[in-house]
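Have a look at the structure below, then the notes.
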Amino acid sequence: MKPTIYTLTGNLLWERTLEFASWAPGQTQRARAESFQVGGKGINVSRMLARLGAPTMALCFAGGSAGADCLAWLSARNLPHHAFTTTSTTRTGAVIRAEGQPETTFLGPDAAPDAAAWAACAEYVEKIPACDVLALCGSFPGWATPAAEPLRAALAQRAAQGTLVADTYGPPLLWALQQPLAIVKINRDEFDAYQPESAQTEPFATRLASAFAQTRLQTWIVTDGEGPVWFAQQGNPPLPLTPPTVKAVSPTGSGDVLLACLLDGCYRQQLDLPTALARALPYAAANAAHPGIADFDLNNLPV
């Protein structure tokens, strides 16, 4: 039986996209089109997994009318999901697009789940079968608070007895690096923020090898936009893979697509990690060359 891949989104996003012929700050402007979508790293990963035909379940915290809108959107698209209700209202955001101008995203303030939501999430995680995969995705407001301790404990048990991966930053990343996770994937900015500035003059392979040796990870992957994707595995030196070259239209979510395709390759198709990662790169590049997230043509991948 193929494993179900669970994603846990710590910071769900209610998001409106406005499209203009052109726009500039400081004046009232009328959009020519608008759309609504649900964001958050784990949601994006599960959307891509579903397109690949992989069993998935998107877990998230949702609160207020914005949270209700998000859950309705997920239900309308038949994306399997389970929400932990919180009194904190789900954050909102806006994407601004115009021809010939860089895409701009505005995000509302983060809001941490309440204690009941953390506890409900922990109870759910404890019941995920050991044969399945759980991915921690994105930021987790309130991660280091006492209220989140039940989830941290459940995840530590999961890391020790099952398969746990992470694509996160800040306090959850620092926690993850000290756990026996199967995979951690972050971007270059997040990696640089983790390391002291004095180390950043060294060759990247040296930096990754040194940092990796101080963790309990099985695999560490670092992406860098259009640049090489580096990966380090236990017992092997770090190696780079070069993604296909494309004209980027909207890179947002491309790392999420990469993670989804990587997990699909490793756990559903039983590929070794280098093969699964190489297979995932064209999908991420195709996403970057497309204005949406995880809705590009699967039959027209760049090479």
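The values are calculated or read from the model by the stated rules, or taken from the named source; none is laboratory data. Values in this document were obtained by computation on a predicted structure and should not be read as measured data. Positions of Cβ are backbone-derived with ideal geometry, glycine not excepted, and every protein chain shown enters the neighbour counts.
Scanning the stretch 228-284 for residues that are acidic (Asp, Glu) and crowded, with 17+ Cβ neighbours inside 10 Å, which turns out farthest from ALA205 (Cα to Cα)?
My answer is ASP264.
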- Message: Within the stretch 11-47, take every residue that is more than 30 Å from TRP118 (Cβ to Cβ) and of a type in the set (Gly, Ala, Ser) and give me the one that is surrounded by the fewest Cβ atoms within 10 Å (Cβ to Cβ).
- Response: GLY26
- Query: If you take the residues in the stretch 74-84 that are of a type in the set (A, V, I, L, M, F, W, C) and crowded, with 16+ Cβ neighbours inside 10 Å, which one is farthest from GLY39 (Cα to Cα)?
  - Reply: PHE84
- Report, ordered by the first and then the second residue, all pairs with beta carbons closer than 7 Å, sequence separation of six or more or different chains, a first member in the stretch 228-246 that is touching a residue at least 12 places away in the same chain (Cβ under 8 Å) and part of a loop (DSSP other than H, G, I, E, B), and a second member that is surrounded by 16 or more Cβ atoms within 10 Å (Cβ to Cβ) and β-branched (Val, Ile, Thr). PRO243/VAL229
- Task: Mind listing just one residue for me: the one in the stretch 137-192 that is crowded, with 18+ Cβ neighbours inside 10 Å and among the β-branched types (Val, Ile, Thr) and, of those, farthest from ALA276 (Cα to Cα)?
- Result: THR168
- Message: Whether any residue in the stretch 14-31 is touching a helix residue (DSSP H, G or I) at 6+ places or on another chain (Cβ under 8 Å) and either closer than 24 Å to PRO282 by Cα or not in a helix (DSSP H, G or I) (or both) is what I want to check.
- Response: yes
- Message: Being assigned to a helix (DSSP H, G or I) and either at pLDDT 95 or above or surrounded by 23 or more Cβ atoms within 10 Å (Cβ to Cβ) (or both) narrows it down to one residue among ALA112, ALA58, ALA50; which is it?
- Response: ALA50
- Message: Residue under question is LEU59, and the condition is that it be under 19 Å from ALA294 (Cα atoms), of a type outside the set (Val, Ile, Thr) and touching an Asp or Glu at 6+ places or on another chain (Cβ under 7 Å); does it hold?
- Response: no
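Quick grid of which residues meet (1) within 29 Å of THR17 (Cα to Cα); (2) aromatic (Phe, Trp, Tyr):
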residue	(1), (2)
LEU262	yes, no
LEU271	no, no
ALA286	yes, no
PHE296	yes, yes
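Confirm whether THR87 is of a type in the set (Val, Ile, Thr) and loosely packed, with under 15 Cβ neighbours inside 10 Å.
In short, yes.
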